[in-house]
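Chemist: This is the structure, below, for whatever I ask next.
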Amino acid sequence: MTFDLSKVDIKFLPGVGPKRAELLKAEAGLSSFQDLLYYFPYKYVDRSRLYCIKEIDGSMPYIQIRGRILSFETVGEGRRRRLVAHFTDGTGVIDLVWFQAIKYVIKRYSPNEEYVVFGKPSEYGGRVNIAHPEIDKANEVNTSGLGLQPNYNTTEKMKRSAITSAAIQHMVANVLARTDGALPETLTPGIVAAHDLLPLDAAIRNIHFPSSPEMLRKAQFRLKFEELFYVQLQLLRYTKERSRKFRGFVFSRIGRHFNDFYSQCLPFELTGAQKRVLKEIRRDVGSGRQMNRLLQGDVGSGKTLVALMSMLMALDNSYQACIMAPTEILAGQHFDTISSMVAPIGINVALLTGSVKGKRREAVLRGLEDGTVDILVGTHAVLEDTVTFHSLGMVVIDEQHRFGVAQRARMWRKNYNPPHVLVMTATPIPRTLAMTLYGDLDVSVIDELPPGRKPVRTIHLYDTKRDALYRSVRQQLEEGRQVYFVYPLISESEKIDLKNLEAGYEQVRNAFPDYQVCKVHGQMKPGEKDEQMRRFVSRECAIMVATTVIEVGVNVPNASVMVIENAERFGLSQLHQLRGRVGRGADQSFCILVTKFNLSEDTRRRIQIMVDTNDGFEIAEADLAIRGPGDLEGLRQSGMAFDLKIANLARDGQILQLARDAARSVVDGDPDCNAPANALLWREVERRRRDTLDWSSIS
Ligand code: ADP
Ligand code: MG
C-alpha cells in the first residue's frame, strides 16, 4: 500500500503521541511523516572512529572522544560566565565549555559515568576546548562499524523532552520501515534519466542512513537538484502565467523627449554598457510584453541616466513615469538631478515623499491625476492608494534590495495594465542568488564605469595609527577635497549609537579645528538632515561625520576620502556601498578601513577582499561564500527567500544551473503547463508552493 505521507500526522508514530508531536511542530516545523523524511541530517559522523585527546588540535572538524568528566568549574562573570568540564580519556585533558544551560548540564552529567563526546574543537587562550558538545552515555552509543551516523538539529526544548538527534534517527527509521514499497518518485523518468539521478526512494534512505560515502554524495545531489528544480520551475511557470495574464503597454515610438534629451541635454557620451542596456529596455517595452527587468550596475556606473532615458520612452508614448527610491535623501537627490537634466526640454517633474504635505501634496496628486506631471520622483509614499496616475506606463525602483516583491506588485495596480518595471541595484547579487531571488526578472548588467574614473585605493589601518590617518586626511583637505567619516550602527539601541557618533564627531572636530564639520544620522529630522547634507554638497563643510544613512546614492564628486571607523562591524556589501561614495570625480580617491588590532579570521578575510578588489560582483561572491545566503542583506526583506533545506546557493551553483536548464526545457516544451506527461511535476509544484509564497496574491 502506498499512502500520502504528507497526510499522516506525526503523532501516529510509535513513541511520539500528541504532546511530543506538538513540540516537534513548534520547534522544528515537523507535522507529518513526509516532513520527517525531509528533515535532513545537518552532518554525518563517522562513529566508528574515536580520537585520542592528545591528538586533537583546534583546526579539526567535528570529532568524537570517549572518557570521563574529572570536575566541573564555573569561570568568568556576566555574559562571559561559563561552565567548564575537565574531561579526560587517559591520554590528556580537554575542556568542555557551556555558556548556557549551566545548571542543566551539571545536573545531567556525572563524573562517575563514561561518555562519548562529540563536537568541534577550537582554540581559546592557547587551550583547546569543545564548546556545547553533544554527550551520550558510552554504553548507549554503538561504535561498532556503523559507518556514517546522521546528526539532526534539535533544540534545547526538544532535548528536554528526550527528542535528541538519536531519537529523531529512530523516528525516521520507523517511518521508512512503515512505507511499503518505494517512496513515490517526484521527478519524471526523463529528468531522472537525463541527470543520472538516484530514484527518490534510494535518495531519501541514503540521506538518512548512507550505505557508503559515495551513496551519500549521490543522495545529496539528487535532493539538491530536486529542491532547486522546483524553485526554478515555480518561478518560470509564474513568469509564463504573468506574461499570459498581462499585456504590456507598447511603446512604439522613440520621439521628441528622448531625441531632444539625447541631442540637447546629455552632458557626456553614454558608455557602451549604458547603450546596450537601453537597447535591451527598448526591445522589452516595444514587444507587447510587460517588462520586468533587473538592472545591476556597480556604484557610480550611471544607472540613473539609464532610468531617466527609459522614462522618456514612456513620455514619448503619452505615458507617465515614476522613480522610487528607498530614502528621502536619495529621492531628493534624484529629483534634483533629473529636474535639472530635463529642464531645457520642458518636462514636468514632481517630488513626493512623506514630508511633502498639505497644499504641495495636493498639487502633486492633482498633477498626477490630470496627467500634467510627467515624471514622479518619490519614496514609499508613492505606493499609497491615494496616489493615482492619469496613465502610468513605466516604474523604476532604485536600490531594489530595500524594497520587497509585494511593493513591486503594488505599483502594478496603478494602471489597468501593469506598467513596465525596471528595478535597479548597486548591490551586486551573485548569479546563483539572482537566479533564485529574481528568477522571474530579466537581467541587464552595466559592467563598465564612465571613462576617466580612477579606481578607489583601499587601505587597512589599525586604530592605533590614528595620527597617520589624520595626517593623510589633512593632506587631502588642504588640496580642497572633502572627507567622510562613517560610524557603524553598533547596537540596537539608538542612544548608544548616537553616543558613538557624537564621540567620533568631537574627536574629528578636535583633530581638524580649522575645518567645518557636519553630521548626519538616522534619528535626525528630515529637514535637519537635509540642511547638513546641503552644507556638505555646497562645500561649506569639508568633513562629514555620519552613520550609514549616507550609504545609498549620495553623490559629491569632490569627496575623495571615505574613512570607515570600526570597519570590522560592517558587512562586505555595506563596505562596498560606502566606498562607492568616493571616486566619483577624476582624482585619486581613498577608502580607509579602520579596525581594531584583534580581528577574527573571517573579518580579516573580509577586509582583505576590500583591499584587493573594487569589483562588486567579486565581492558579492565572496560575501556569499563567507556568510552564507541566509545572512545576505536584503534577502529577508526581498520576500522571495525560499527556504532551502539542503541546497546551498554559495556552493551549489552548478547544480542550480542544471536544475534551471531542466526546468526551462520543461516550461518551453509545455507552455500551458498542463501536458499529461508532466502532470506529476505540476502537482508537485502546487504542493510545494503551499509552503512558500502565494504567488497569485501578488499579481
Ligand atoms: P549609480 O549607478 O551608482 O546610480 P549614478 O547614476 O549616480 O550612478 O552616476 C554616477 C555619476 O556618473 C553621476 O555623476 C553621473 O552624472 C555620471 N555619469 C553617468 N553616466 C556617465 C557617462 N556615460 N559618462 C560620464 N559620466 C557619467
Ligand atoms: Mg544610484
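Chemist: Counting only residues 5 or more places away or on other chains, whose amide H sits under 5 Å from the amide H of VAL421 once H atoms are built in the peptide plane?
Modeler: Distant-sequence amide H within range of VAL421: MET291, ASN292, ARG293, VAL395.
Chemist: Out of the range 506-555, which GluC sites (Glu not before Pro) are coil in DSSP terms and have no more than 14 other C-beta atoms within 10 Å?
Modeler: Sparse-neighbourhood loop GluC sites (Glu not before Pro): GLU540.
Chemist: Name the residue farthest towards the positive end of the dipole of the range 1-127 from the options GLN100, PHE33, ILE53, assuming +1 on Cβ of Lys and Arg, -1 on Cβ of Asp and Glu, about the Cα centre.
Modeler: It is GLN100.
Chemist: For the chain, take the longest principal axis of its alpha carbons; what is the angle in degrees between that and the long axis of helix 165-178, to the nearest 10 within 0 to 90?
Modeler: 80
Chemist: Further question on the same structure: Quote the charge dipole size of the range 48-146 about the Cα centre in Debye, to the nearest 20; the model charges only the Cβ of Lys and Arg (+1) and of Asp and Glu (-1).
Modeler: The calculated dipole for the range 48-146 is roughly 340 debye.
Chemist: Which order do the peptides 258-267, 213-222 take when ranked by the mean count of other beta-carbon atoms within 10 Å per residue, highest first?
Modeler: Averaged packing, sorted descending, gives the order 213-222, 258-267.
Chemist: Moving to a separate point now. Need the C-alpha centroid separation for the range 310-380 versus the range 665-683, integer Å.
Modeler: 44
Chemist: What is the magnitude of the charge dipole of the range 188-318 about its Cα centre, with +1 placed on the Cβ of each Lys and Arg, -1 on the Cβ of each Asp and Glu, and no other charges, expressed in debye to the nearest 20?
Modeler: 440
Chemist: For the chain, which cysteines have no disulfide-compatible partner, meaning no other cysteine Cβ under 4.7 Å?
Modeler: Those would be CYS52, CYS265, CYS322, CYS591, CYS673, since no other cysteine Cβ in the chain comes under 4.7 Å of theirs.
Chemist: Tell me which trypsin sites (Lys or Arg not before Pro) from the range 7-55 have a DSSP coil assignment and no more than 14 other beta carbons within 10 Å of their own.
Modeler: Details: sites: LYS7, LYS11, LYS19, ARG20, LYS25, LYS43, ARG47, ARG49, LYS54; in loops: ARG47, ARG49.
Passing both the DSSP loop test and the Cβ count: ARG49.
Chemist: Mind grabbing the accessible area of THR386 for me, 1.4 Å probe, Å², rounded to tens?
Modeler: About 90 Å², ignoring ligands and nucleic acids.
Chemist: Treating only the Cβ of Lys, Arg, Asp and Glu as charged (+1, +1, -1, -1), what charge dipole size does the range 457-613 show about its Cα centre? Round to the nearest 20 debye.
Modeler: For this selection, approximately 200 debye.
Chemist: Distance between Cα centroids, the range 135-203 to the range 495-537: provide it in whole Å.
Modeler: Cα centroid of the range 135-203 versus Cα centroid of the range 495-537: 57 Å apart.
Chemist: Using modelled amide H (1.01 Å from N, peptide plane; none on Pro or chain starts), what sits under 5 Å from the amide H of VAL443, excluding residues fewer than 5 places away?
Modeler: LEU294
Chemist: Among ALA325, GLY358, THR427, whose Cα projects farthest towards the positive end of the dipole of the range 256-446, with charges put on the beta-carbon of Lys, Arg (+1) and Asp, Glu (-1)?
Modeler: Most positive-ward Cα: THR427.
Chemist: Which lysines have a Cα less than 26 Å from the Cα of LYS596, not counting those fewer than 8 places away in the same chain?
Modeler: Within the straight-line limit of under 26 Å, LYS596 reaches these lysines: LYS465, LYS495, LYS499, LYS519.
Chemist: HN-Hα J couplings of the range 206-214 from phi, Karplus 6.51/-1.76/1.60, θ = phi - 60°, integer Hz, Gly and Pro as x?
Modeler: 7, 6, 8, 10, x, 7, 6, x, 4
Chemist: Quick one: accessible surface of THR155, probe radius 1.4 Å, all protein chains present, in square angstrom to the nearest 10.
Modeler: For THR155, solvent-accessible area is about 40 Å².
Chemist: So which trypsin sites (Lys or Arg not before Pro) in the range 77-171 end up in coil per DSSP with only 13 or fewer other C-beta atoms within 10 Å?
Modeler: Loop-located and lightly packed - ARG81.
Chemist: Tell me, what HN-Hα J-couplings in whole Hz come from the Karplus equation 6.51 cos²θ - 1.76 cosθ + 1.60 at θ = phi - 60° for each residue of the range 180-187, using x for Gly and Pro?
Modeler: Rounded to whole hertz, the list is 6, x, 7, 5, x, 5, 10, 10.
Chemist: With an 8 Å cut-off on Cα pairs and a minimum separation of 6 or more residues, tell me the relative contact order of the chain in percent.
Modeler: Answer for the chain is 12 percent.
Chemist: Under a 5 Å amide H to amide H cut-off, with H placed in plane at 1.01 Å, what residues pair with LYS414 once short-range neighbours are removed?
Modeler: Amide H neighbours of LYS414: none.
Chemist: Per residue of the range 558-568, in order, report the coupling 6.51 cos²θ - 1.76 cosθ + 1.60 (Karplus, θ = phi - 60°) as ³J(HN,Hα) in whole Hz, putting x for Gly and Pro.
Modeler: Per-residue couplings from phi come out as 6, 6, 10, 10, 10, 9, 10, 7, 6, 4, 5 Hz.
Chemist: Roughly how much of TYR51 is accessible, in Å² to the nearest 10, using a 1.4 Å probe?
Modeler: Number for this one is 60 Å².
Chemist: Could you rank the peptides 560-566, 36-42 by their average count of other C-beta atoms within 10 Å per residue, with the highest value first?
Modeler: Descending mean neighbour count gives 560-566, 36-42.
Chemist: Which shape class applies to the range 457-613: rounded if a/c is under 1.5, otherwise prolate when a/b exceeds b/c and oblate if not, where a ≥ b ≥ c are the square roots of the Cα gyration tensor eigenvalues?
Modeler: In terms of gyration-tensor shape, rounded.
Chemist: Which order do you get for PHE389, PHE268 if you rank them by accessible area with a 1.4 Å probe, largest at the top? Mind dumping the intermediate values first?
Modeler: Details: PHE389 20, PHE268 115 Å².
The residues order as PHE268, PHE389, largest area first.
Chemist: Let me ask something else about it. Quick check: Cα centre of the range 21-75 to Cα centre of the range 647-664, how many Å?
Modeler: A separation of 29 Å, based on Cα centres.
The values are calculated or read from the model by the stated rules, or taken from the named source; none is laboratory data. Quick caveat, the model's predicted, so the values are computed rather than measured. All Cβ positions, glycine included, derive from the backbone under ideal geometry; neighbour counts span all protein chains shown. The protein model used for the area step is the full one, side chains on, heavy atoms only, and it has no ligands, DNA or RNA in it. Shrake-Rupley method; radii C 1.70, N 1.55, O 1.52, S 1.80 Å.
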